[in-house]
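> The structure follows.
Only the coordinates and a few stated rules stand behind these numbers; no lab work does. Nothing here was measured: the structure is a model prediction, and the numbers come from that model. Every residue, glycine as well, gets a Cβ built from its backbone with ideal geometry; the counts of neighbours run over all protein chains shown.
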Amino acid sequence: QVQLVESGGGLVQPGGSLRLSCAASGSIFRFAVMGWYRQAPGKQRELVATITPNGRANYADSVKGRFTISRDNAKITVYLQMNSLKPEDTAVYYCNLKTPGYDAWGQGTQVTVSS
């Protein structure tokens, strides 16, 4: 069974940066599409970014140019570098691992952007 553990969330001022990490267990990581999603209070969970096993990244329009997703298959970890943060980026951020036969979620990490 795959486990995903997020870390790196916190409180940051507008314009600041944070780096989220998601450590995975299990050998299927290298074959999986990894993603970051977020859910703000009162809103549905939404896609932030995904990255394929060979490193191709896809971003929501709202974060393009500000966020960067990356992965280290040797460390079985996926990252989300978040720059130029805005108050509207405030949400719980979730890590996701997806293969044709598997879909796993982390417990989430809170990101709050506020002055």
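> Can you pull out every residue in segment 47-104 that is surrounded by fewer than 14 Cβ atoms within 10 Å (Cβ to Cβ), part of a strand (DSSP E or B) and touching a residue at least 40 places away in the same chain (Cβ under 8 Å)?
Once the filter is applied, which keeps residues that are surrounded by fewer than 14 Cβ atoms within 10 Å (Cβ to Cβ), part of a strand (DSSP E or B) and touching a residue at least 40 places away in the same chain (Cβ under 8 Å), segment 47-104 yields only Tyr102.
> Assess whether Val113 counts as being β-branched (Val, Ile, Thr) and under 13 Å from Arg38 (Cα atoms).
Values: β-branched (Val, Ile, Thr): yes; under 13 Å from Arg38 (Cα atoms): no.
No: the conditions fail for Val113.
> I'd like the residue in segment 1-30 that is aliphatic (A, V, I, L, M), within 15 Å of Thr90 (Cβ to Cβ) and within 14 Å of the chain's Cα centre (by Cα) and, out of all such residues, is surrounded by the fewest Cβ atoms within 10 Å (Cβ to Cβ).
Checking each candidate, the answer is Leu18.
> Please specify each residue of segment 18-34 satisfying the condition of being in contact with a strand residue (DSSP E or B) (Cβ under 6 Å, 6 or more places away or on another chain), of a type outside the set (Lys, Arg) and over 16 Å from Gly101 (Cα atoms).
Passing the criteria: Leu18, Leu20, Ser21, Cys22, Ala23, Ala24.
> I've got another one for you. Tell me which residues, restricted to segment 68-108, are aliphatic (A, V, I, L, M) and within 16 Å of Glu6 (Cβ to Cβ).
Once the filter is applied, which keeps residues that are aliphatic (A, V, I, L, M) and within 16 Å of Glu6 (Cβ to Cβ), segment 68-108 yields Ile69, Ile76, Val78, Leu80, Met82, Ala91, Val92, Leu97, Ala104.
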